[in-house]
Amino acid sequence: ELRARRGLNELFLALGIESWKPVLAALLLPPVPLLLLALVGARLLPRRRALGWLLLLLALGGLWLSGTGAVRSGLLRWPLMPPPALGEAQIAALKRAPHTAIVVLGGGRRSFAPEYGTAMLHPRGIERLRYGLWLARQTALPVAFSGGLTPGSEPGASEAEIATRVAERDFGRPLRWTEAESRDTRENAIRTVALLHPQGVEHIVLVTHDYHMRRALRNFDRALATAGVAMRVTPAPMGLGDDAPLTLLDWLPSLSGFEQTRLVLHESLGLLVGA
């Protein structure tokens, strides 16, 4: 099964259609499939009334649920199953750990932010960078940032170039290493391992969002196995929610619910195809 998933991802690369990934994701993720289902249901109403209503109700129910925090929470627990956040004892154990580096994975960019007059990291990228730099302050460990330009994005400064500027100017803490050529999580892992291993790094503290961590860890495991490198990876997820019981509001659709559910479904799809 794992070999088949890897083969599907490699097929995109072999055919040179990796730039199609954003388009395919948009077509496969809500709301597009549910809207198409609703159109099919409406078209069937005059001839097959029962089936038409069934499809319409399924589409409307799917649209409702895809905007709820409850569905996002359920999908996050399975199949993504993120590890817990680093605790105080784990952070203390990392203080000045030898041959260790904090690695922050890019989370997107804005090609031009008018309020800043230049390119800027996406809010998700800022969150990851901020947490990585906070960990660096707590542990005195150096920080690496990995992120280039995603397929289909506008030309301009890479995520790593923007992160370098933001880290130094806005947070007062320069990055030790940057990797600016990767286009996706797979290349984040491959290029980061190739960058850090010659520098004597033997232990990576990997920073990314909770929903992205499982796929990121899988890609780093693959990159290390392919390169034949013995390097330990400690997950440092961020953006985790609490374990409070679900409330009525969690079952009501919202703008943030749609966004978060799409992110979780995107990562689930990535796991399925071996991306």
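Summary table
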| quantity | calculated |
| --- | --- |
| Formal net charge of residues neighbouring residue 231 (Cβ-Cβ distance under 11 Å; K, R +1; D, E -1) | -1 |
| Calculated SAXS-style log₁₀ I(q)/I(0) at q = 0.12 Å⁻¹ - the chain, Debye, Cα scatterers | -0.82 |
| Choice from 36, 175, 63 with maximal GNM fluctuation in the chain (Cα, 10 Å cutoff) | 36 |
| Share of carbon and sulfur in the accessible heavy-atom surface of the range 131-275 [1.4 Å probe, %] | 55 percent |
| Cβ-derived FRET efficiency at R0 45 Å, residue 250 paired with residue 229, nearest 0.05 | 0.60 |
| Cα-centred dipole magnitude for the chain, charges only on beta-carbon of K, R (+1) and D, E (-1), debye, nearest 20 | 540 debye |
| Choice from 140, 50, 167 with maximal GNM fluctuation in the chain (Cα, 10 Å cutoff) | 50 |
| Per-residue [θ]222 nm for the chain (sum of -39500 (n - 2.57) over DSSP H runs n ≥ 4, rounded to 500) | -16500 deg cm²/dmol |
| Using alpha-carbon coordinates, inclination of helix 49-65 to the longest axis of the chain, degrees | 30 degrees |
| Accessible area per residue in Å² at 1.4 Å probe, computed on the chain | 54 Å² |
| Sorted largest first, extent of the range 86-242 alpha carbons per principal axis (Å) | 42, 33, 33 |
| On Cα atoms only, tilt of 32-44 relative to the major axis of the chain in degrees | 10 degrees |
| For the range 197-240 versus the range 134-164, the gap between their alpha-carbon centres in whole angstrom | 15 Å |
| Acute angle (nearest 10 degrees) that the helix 123-139 long axis makes with the longest principal axis of the chain, alpha-carbon atoms | 30 degrees |
| The range 114-236 - percent relative contact order, Cα under 8 Å, separation 6 or more | 23 percent |
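The values are calculated or read from the model by the stated rules, or taken from the named source; none is laboratory data. Please read all numbers here as calculations on a predicted model, not as lab measurements. Heads up, the Cβs are rebuilt from the backbone with ideal geometry, glycines too, and the neighbour counts pull from every protein chain shown. Ligands, DNA and RNA are excluded from the accessible area calculation, which covers all protein heavy atoms including side chains. Shrake-Rupley method; radii C 1.70, N 1.55, O 1.52, S 1.80 Å.
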